[in-house]
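The structure appears below as structure tokens.
The values are calculated or read from the model by the stated rules, or taken from the named source; none is laboratory data. Computed from a predicted model, the values in this text were never measured in an experiment. Counting neighbours? That spans all protein chains shown, and the Cβs are built from the backbone with ideal geometry, glycine included.
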2 protein chains.
Amino acid sequence: MSTKENALSIFALGGLNEIGKNMYAIEYSNDIVMIDCGNKFPDESLLGIDLIIPDIAYLVENKDKVRALIVTHGHEDHIGGIPFFLKKLNVPVYATRFTLGLIEMKLKEHKILRESELVEIHSNSNLKIGGMDISFFKVTHSIPDCLGIVFQTPAGNIVHTGDFKFDLTPENNEERSDIHKMAEIGKEGVLLLLSESTNAERPGFTPSEQMVGEHVEAAFMKAKRKVILSTFASNISRVQQVVNAAQKTNRKLALLGRSMVNVVGVAMELGFLTVPDGMLIDPHEINEMEPGKVAILCTGSQGEPMAALARLSTGNFRGVDILPGDTVIFAAGPIPGNERNVTKIVDNLFVLGANVIYGPGSTSGMHVSGHGYQEDLKLMLTLMKPKYFIPIHGEFRMLHHHRLLAESVGVEQGNTFIINNGDVVDIEHTIARQTRKISVGNTYIDGGDVGNVGEFILRDRKQLSEDGMIMIVLTISKAEGKLISEPDTISRGFLDKDFSELRREVNRLTTETVNELRDENRNQWNVMKKQIKKSIRQYIYTHTKKKPMIVPILIEI
Amino acid sequence: MSTKENALSIFALGGLNEIGKNMYAIEYSNDIVMIDCGNKFPDESLLGIDLIIPDIAYLVENKDKVRALIVTHGHEDHIGGIPFFLKKLNVPVYATRFTLGLIEMKLKEHKILRESELVEIHSNSNLKIGGMDISFFKVTHSIPDCLGIVFQTPAGNIVHTGDFKFDLTPENNEERSDIHKMAEIGKEGVLLLLSESTNAERPGFTPSEQMVGEHVEAAFMKAKRKVILSTFASNISRVQQVVNAAQKTNRKLALLGRSMVNVVGVAMELGFLTVPDGMLIDPHEINEMEPGKVAILCTGSQGEPMAALARLSTGNFRGVDILPGDTVIFAAGPIPGNERNVTKIVDNLFVLGANVIYGPGSTSGMHVSGHGYQEDLKLMLTLMKPKYFIPIHGEFRMLHHHRLLAESVGVEQGNTFIINNGDVVDIEHTIARQTRKISVGNTYIDGGDVGNVGEFILRDRKQLSEDGMIMIVLTISKAEGKLISEPDTISRGFLDKDFSELRREVNRLTTETVNELRDENRNQWNVMKKQIKKSIRQYIYTHTKKKPMIVPILIEI
């Protein structure tokens, strides 16, 4: 990167033109401070891939410059890549108490907690890293203890919002955005704002969490039998609302699902969640209790097939049954792409006779987004009144709409940068320009290991998944160059009917190819393999319209 | 099935607890009349499958009873299985003019048009098939020429609604539901109603097509450059609205995408669509024209990766470019499951600088559903006032909500049957009961051929898609039962890094297993393969957390 003194640069290794794996960088003089290090879940096209994390090759090359990782909040798309990052770059990690609690769980799992340097900060902390003075401001989101960040540099001030919405009546007043501090920051002058764009397409203000609390309570009141509520474990405000509703209706509460148990544990331990003594019960106690006296809080609101709710919906959660008259509440909207998995579970729950409360977005009243809608975003832009603007955390259309919002509240046309991961915005003499880029990409995690899978392997998996594979084993005499016996054909994942005729023809074609090549004295293995593949591929496609992978295996004796 | 005289039975081979492959049956005495024969598109779990159609084994077994196929309308989920059905059961097909036009295209493609018996009907036709008098009534939907069906039998009258909504101001008045006729049918008495349930979860009435027409026109008026509108080719009302808007704004119109060209062709030929002379132009003429004087109507509103709109959005449609300032309209909501593909295209279009009008459901004003909402469904139930009710055409939660709607307008509790494909409702002495079922399932089309793929193959494909495959080739001496050379290990779709060490260990384990078994005199091939698989699977899983398919190939010399 630039080695100029006082040069200020901003770029992202993830989070632009995508939802997930957020990772942003502020570089001043020769110091790089990273913001967040998230993961992202693969779509169906990435066969077999477990997780995607940012490609940090650039940071590893410039490891002497990387000073710190600051984490805005504890969602997976902001912390999920941290263990992999720290294994390569062991820099101090700055985060608030709750966020650190979640990071610690992760580092423990990866067995690197002891060697990691974790530094607790809060919204009034001040850090000095290289030539940057770094301070923070509280923002409201759907997880406790969230921060926005201010980087004060001699070249100007940069603000990163973190994920946020404005909620004037949050479940927990401690979580209210510090609008006064934001106003001060704006007054002092913001050269560049990075603000999240998730809901830039949605008009209006985000509804308040209060609305959800009221609906949850009403549903608990109305329910005559068990209430089962599913939400994101990290949404501690929502969990608190459930605890409150359980208390008001005199119900005991059981937690189902590993992440629910873990995250609620952290939240209680750190004082972010208040649960009355004796309210929590073990899952195995549920069946012994009167159905009207018990509630269940569980994972699986996104339809994850192995999570608690999916197992409950098919009667596969040992010791806990959903029975006719039970109430099941989805207190989280489906993330795009998860709709079908969710509705499958809703169907199964109705089959069991449950009363199911569900619906897209906030239509059921049981969920509000943690991300600000258009008016929230405009309020942030208005408070900060930045000269330059980079919309972050979103797919292109969200970034695009966020730019329009910025221009509507006074950011000058041409001063918004819609950039890609890797594009660098350089600021010199308070003029911002985007002219250069660093190389970035995706790092795939497959089977617990990093970077074992490239495009090549994924292409093979795709072919195998659609059309399967045909192996042809040939035993060839070294001396005479001819087949010692009939070729042997094995298929996996191909078609099952009428394969015997295909097999005969495949064997005939193979034998023919071997003999032809022998006659032409071209019986090198590679030529032979290539010819066999070609003739079989053609034959199979003509007769089945399928393109299985063809693997000839030649054995020379 | 029952052989009793005057016995009346109803069942489905598809369409219940699913969206797609609709196929219903009415059996009276010894005559079976089928209603619709649709297809369904596979979800991601059905790797490599092209299409799903109803399993008609039961009909083939009872082919002497099957008298006719009546088709309510021309959507794929009602006609897509017809060619496969007719190849096994060549019965007459009854449908309206437009529906027959679409069926004919299909039969031509499958080269069975000539031997098929197609009978044109209209809403005033009367058929007598076996002991059933069959008449029809006009319904509004999102394709022209749709019917509901009345089966008059001595045992009572059965009504099948087809797909419908009520629209008092449709684009084409010919398509208005015949409410008067419905009222008469209801007055005469309906023993059992089968009514579609797609939108049973949505409150209110479906908005009118008129609303869309107004929005389309306004967008055409406002657009300064090219307008590109994508919708379902079969939605001829929508196409007519686009033609009208193009005429009003003095634009020529180009059609992109095979199904758009074909279906619009059929609609014009049969008089369902009126296009002014000289309005249609060839795609290659687009670039020669002033951008403000041209509009494009194309396929791909569901984000289909190979359709016209997807190709336009990535600059891969030869001869046609989307340029900054062009307007792109999605005049169809994304079907659940297609959201991500659609938003990917929206993103790409914004990148090209287009003004994109999109949004879920009817929020953009450019789309209304063809399926009645709750109030439409209640109106149908009220008009027909059936004694018994079977909600059809929907997933379980839709059927469930439709039952609640039926009960809210007077269908007695216990008189609604929520059944599965294959469940038979028998009516004797005007009493309906569901006690028996016939065997049904899915038939998969893979590579143009029917039924070549079973669960077994799909399981293999799944494993291959996630973890790939490892083949170990062993050459064993027949005489001594020992390995002649080092085992040879080949992998596909597995991991790419550090495979050499794994390979060494796999070879070592294999050799060890072969030698052990030889010492124990248990060197039968099956035992050997099983042992090799087991030891390698364990080793690979421990070291990579992956479970590739292990295929040992033994060659005895």
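Surrounded by fewer than 16 Cβ atoms within 10 Å (Cβ to Cβ), within 14 Å of chain A (Cβ to nearest Cβ) and not aliphatic (A, V, I, L, M) - does that describe any residue in segment B:500-514?
yes
Kindly indicate whether any position in segment A:264-284 is touching a helix residue (DSSP H, G or I) at 6+ places or on another chain (Cβ under 9 Å), within 17 Å of A:Val356 (Cβ to Cβ) and in contact (Cβ under 8 Å) with a residue 40 or more places away in the chain.
There is no residue in segment A:264-284 that is touching a helix residue (DSSP H, G or I) at 6+ places or on another chain (Cβ under 9 Å), within 17 Å of A:Val356 (Cβ to Cβ) and in contact (Cβ under 8 Å) with a residue 40 or more places away in the chain.
Among the numbered criteria (1) touching a residue at least 60 places away in the same chain (Cβ under 8 Å); (2) more than 8 Å from chain B (Cβ to nearest Cβ), which one does A:Gly337 miss?
The number of the failed condition is (2).
If you check B:Arg436 against the conditions, is it farther than 30 Å from A:Gly359 by Cβ, touching a residue at least 12 places away in the same chain (Cβ under 8 Å) and within 9 Å of another protein chain (Cβ to nearest Cβ)?
On the way: farther than 30 Å from A:Gly359 by Cβ: yes; touching a residue at least 12 places away in the same chain (Cβ under 8 Å): yes; within 9 Å of another protein chain (Cβ to nearest Cβ): no.
So B:Arg436 fails the test.
Looking at B:Leu349, B:Leu377, B:Leu381 in this structure, which one is of a type outside the set (Gly, Ala, Ser) and not assigned by TED's automatic domain parsing to the domain that holds B:Leu16? Before you say what the answer is, go through the steps one by one.
Details: B:Leu377 fails: not assigned by TED's automatic domain parsing to the domain that holds B:Leu16; B:Leu381 fails: not assigned by TED's automatic domain parsing to the domain that holds B:Leu16.
Residue meeting the stated conditions: B:Leu349.
Taking the condition of being more than 10 Å from chain A (Cβ to nearest Cβ) and more than 41 Å from the chain's Cα centre (by Cα), how many residues in segment B:439-489 meet it?
Counting residues in segment B:439-489 that are more than 10 Å from chain A (Cβ to nearest Cβ) and more than 41 Å from the chain's Cα centre (by Cα) gives 12.
Are there any pairs with C-beta distances below 9 angstrom linking a residue in segment B:539-555 that is over 18 Å from B:Arg508 (Cα atoms) and facing another protein chain (nearest Cβ under 7 Å) to a residue that is among the charged types (D, E, K, R) and crowded, with 19+ Cβ neighbours inside 10 Å, with the two at least 6 apart or on different chains, and if so which?
B:Lys545/A:Asp446; B:Lys546/A:Asp446; B:Lys546/B:Glu466; B:Lys546/B:Asp467; B:Met549/A:Arg492; B:Met549/B:Asp460; B:Met549/B:Asp467
Does segment B:65-82 contain at least one residue that is touching a residue at least 12 places away in the same chain (Cβ under 8 Å), within 14 Å of chain A (Cβ to nearest Cβ) and farther than 20 Å from B:Phe417 by Cα?
Taking segment B:65-82 and keeping what is touching a residue at least 12 places away in the same chain (Cβ under 8 Å), we get B:65-82.
Next cut, within 14 Å of chain A (Cβ to nearest Cβ) only: none.
No, because not a single residue in segment B:65-82 is touching a residue at least 12 places away in the same chain (Cβ under 8 Å), within 14 Å of chain A (Cβ to nearest Cβ) and farther than 20 Å from B:Phe417 by Cα.
Among strands (runs of 3 or more DSSP E) lying entirely in segment A:411-477, which contain 1 or more residues that are in contact with a helix residue (DSSP H, G or I) (Cβ under 7 Å, 6 or more places away or on another chain), buried (at least 21 other Cβ atoms within 10 Å of the Cβ) and not assigned by TED's automatic domain parsing to the domain that holds A:Leu399?
On the way: elements: A:423-428, A:431-437, A:442-446, A:469-476.
Output list reads A:469-476.
Take B:Arg492 and tell me if it is more than 11 Å from chain A (Cβ to nearest Cβ) and touching a strand residue (DSSP E or B) at 6+ places or on another chain (Cβ under 7 Å). I'd like the intermediate steps shown before the answer.
On the way: more than 11 Å from chain A (Cβ to nearest Cβ): no; touching a strand residue (DSSP E or B) at 6+ places or on another chain (Cβ under 7 Å): yes.
No, not satisfied.
Looking at B:Met279, is it touching a strand residue (DSSP E or B) at 6+ places or on another chain (Cβ under 7 Å), at pLDDT below 95 and among the aliphatic types (A, V, I, L, M)? Spell out the reasoning first.
Numbers: touching a strand residue (DSSP E or B) at 6+ places or on another chain (Cβ under 7 Å): yes; at pLDDT below 95: no; among the aliphatic types (A, V, I, L, M): yes.
No, not satisfied.
Out of (1) farther than 21 Å from A:Asn39 by Cα; (2) crowded, with 21+ Cβ neighbours inside 10 Å, what's the single condition that is false for A:Leu404?
Single failed check for A:Leu404: (2).
Of all residues being of a type in the set (A, V, I, L, M, F, W, C) and farther than 16 Å from A:Met471 by Cα in segment A:515-557, which is nearest to the chain's Cα centre (by Cα)? Just the residue, please. Walk me through how you get there before you give the answer.
As a first pass, look at segment A:515-557 and keep what is of a type in the set (A, V, I, L, M, F, W, C): A:517, A:525, A:527-528, A:532, A:536, A:540, A:549-551, A:553-555, A:557.
Adding the requirement that they be farther than 16 Å from A:Met471 by Cα leaves A:517, A:527, A:557.
Working: A:Leu517: 53, A:Val527: 45, A:Ile557: 52 Å.
So the residue we want is A:Val527.
Which of the residues that make up segment A:478-495 are surrounded by 19 or more Cβ atoms within 10 Å (Cβ to Cβ) and small (Gly, Ala, Ser)?
Those that are surrounded by 19 or more Cβ atoms within 10 Å (Cβ to Cβ) and small (Gly, Ala, Ser): A:Ser491, A:Gly493.
So B:Lys165 clears everything in (1) touching a His at 6+ places or on another chain (Cβ under 7 Å); (2) within 17 Å of B:Phe136 (Cβ to Cβ) except one condition, right? Which one?
Against the list (1) touching a His at 6+ places or on another chain (Cβ under 7 Å); (2) within 17 Å of B:Phe136 (Cβ to Cβ), B:Lys165 comes up short only on (2).
Out of all the residues in segment A:304-320, is one or more among the small types (Gly, Ala, Ser), within 12 Å of chain B (Cβ to nearest Cβ), under 27 Å from the mean Cα position of the chain (by Cα) and over 21 Å from A:Val216 (Cα atoms)?
First, the residues of segment A:304-320 that are among the small types (Gly, Ala, Ser): A:307-308, A:310, A:313, A:315, A:319.
Applying the additional criterion that residues be within 12 Å of chain B (Cβ to nearest Cβ) yields A:313.
When the remaining residues are screened for being under 27 Å from the mean Cα position of the chain (by Cα), the result is A:313.
From what is left, the residues that are over 21 Å from A:Val216 (Cα atoms) are none.
No, segment A:304-320 contains no residue that is among the small types (Gly, Ala, Ser), within 12 Å of chain B (Cβ to nearest Cβ), under 27 Å from the mean Cα position of the chain (by Cα) and over 21 Å from A:Val216 (Cα atoms).
Go through (1) under 22 Å from A:Ala12 (Cα atoms); (2) crowded, with 23+ Cβ neighbours inside 10 Å one by one and return the number of the condition A:Leu102 breaks.
Of everything listed in (1) under 22 Å from A:Ala12 (Cα atoms); (2) crowded, with 23+ Cβ neighbours inside 10 Å, A:Leu102 misses just condition (1).
Of all residues in segment A:147-174, count the ones that are among the charged types (D, E, K, R) and in a helix (DSSP H, G or I). If you could, list the steps in order and put the result at the bottom.
Narrowing segment A:147-174 to residues among the charged types (D, E, K, R): A:163, A:165, A:167, A:171, A:174.
Retained after the next criterion (residues that are in a helix (DSSP H, G or I)): A:174.
Residues that pass the stated criteria total 1.
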